[in-house]
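Heads up: the structure comes next, in structure tokens.
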Amino acid sequence: MKLRWLRAPGIIRRLFPDFVWRYNSGEKKVYLTFDDGPIPESTMWTLDLLKEKGIKATFFCVGDNVRKYPNLYQRIVDDGHAVGNHTHNHLKGWYNNTQKYVENVILASEFIESKLFRPPYGLIKRSQAKYLQTDYKIVMWDVLSGDYRQDISPERCYRDVMKNVRPGSILLFHNHLKSEKNMRYTIPRLIDELHAQGYEFGVCH
Ligand SMILES: [Zn+2]
């Protein structure tokens, strides 16, 4: 029952068919994404691991974190990863009017150079999306890792993601403190297992 929530619900996908939910290129490729950073605690660790494993990922950054940690942001870019805009203050689209929301994305764009956008919590109004889509491709996810959930074990987090991953999946993880334990357990195992299964790793585009 709970597993169903790991996949972005079909009804939301149908409401926003013009968002990117998965890459259907037919290739055996997955797309790791890390939201909410950069923060020193998890982003450094994530970058070191990705370098060690030789793969690239996509970081949907909070503008204010980039302002606070410009060197971390620069390292993401220098390491060859993709970046995306995730608003400046991690705003919930449903609770903010379109002007305020769009302005917050524009503010973030002063710190994040990208044509990709992911709405925090996945919550965005049609009117907000309409504005942003003139400049951005809106990238959602195929598999939500639940790394932030305190009620699941790291083993469970790993297992649930592995059960749901499929060619073209965009996998959502976080670079925030709440997700540290599950993320640090899951990511290295997931990379090794998916490599063993013949998957490659790509960046969002
Ligand atoms: Zn977020």
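The values are calculated or read from the model by the stated rules, or taken from the named source; none is laboratory data. Keep in mind it's a predicted model, so treat the numbers as computed, not measured. As a convention, Cβ positions derive from the backbone with ideal geometry for all residues, glycine included, and neighbour counts pool all protein chains shown.
For the range 162-178, enumerate the residues that are within 15 Å of the ligand (Cβ to nearest atom) and either within 9 Å of Val143 (Cα to Cα) or modelled with pLDDT of 95 or more (or both). Step through it out loud before you land on a result.
In the first step, residues of the range 162-178 are kept if they are within 15 Å of the ligand (Cβ to nearest atom); the result is 170-178.
Of everything in the range 162-178, those that are within 15 Å of the ligand (Cβ to nearest atom) and either within 9 Å of Val143 (Cα to Cα) or modelled with pLDDT of 95 or more (or both) turn out to be Ile170, Leu171, Leu172, Phe173, His174, Asn175.
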**Prompt:** Can you find a residue in the range 151-167 that is in a helix (DSSP H, G or I), under 17 Å from Ser42 (Cα atoms), over 17 Å from the mean Cα position of the chain (by Cα) and not polar (S, T, N, Q)?
**Reply:** yes
**Item:** Candidate set from the range 49-103 (those that are free of Cβ contacts under 8 Å to residues at least 40 places away in the same chain, under 19 Å from Leu132 (Cα atoms) and of a type in the set (A, V, I, L, M, F, W, C)); member that is farthest from the ligand (Cβ to nearest atom)
**Value:** Val102
**Message:** Looking only at the range 124-140, how many residues end up being surrounded by 22 or more Cβ atoms within 10 Å (Cβ to Cβ) and modelled with pLDDT of 95 or more?
**Reply:** 2
**Asked** From the residues in the range 89-115 that are of a type in the set (S, T, N, Q) and in a loop (DSSP other than H, G, I, E, B), which one is surrounded by the fewest Cβ atoms within 10 Å (Cβ to Cβ)?
**Response** Asn97
**Asked** Quick check: is even one residue across the range 52-72 in a loop (DSSP other than H, G, I, E, B), crowded, with 19+ Cβ neighbours inside 10 Å, within 16 Å of the chain's Cα centre (by Cα) and among the aromatic types (Phe, Trp, Tyr)?
**Response** no
**Asked** Tally time: how many residues in the range 3-51 are assigned to a helix (DSSP H, G or I), small (Gly, Ala, Ser) and at pLDDT 90 or above?
**Response** 1
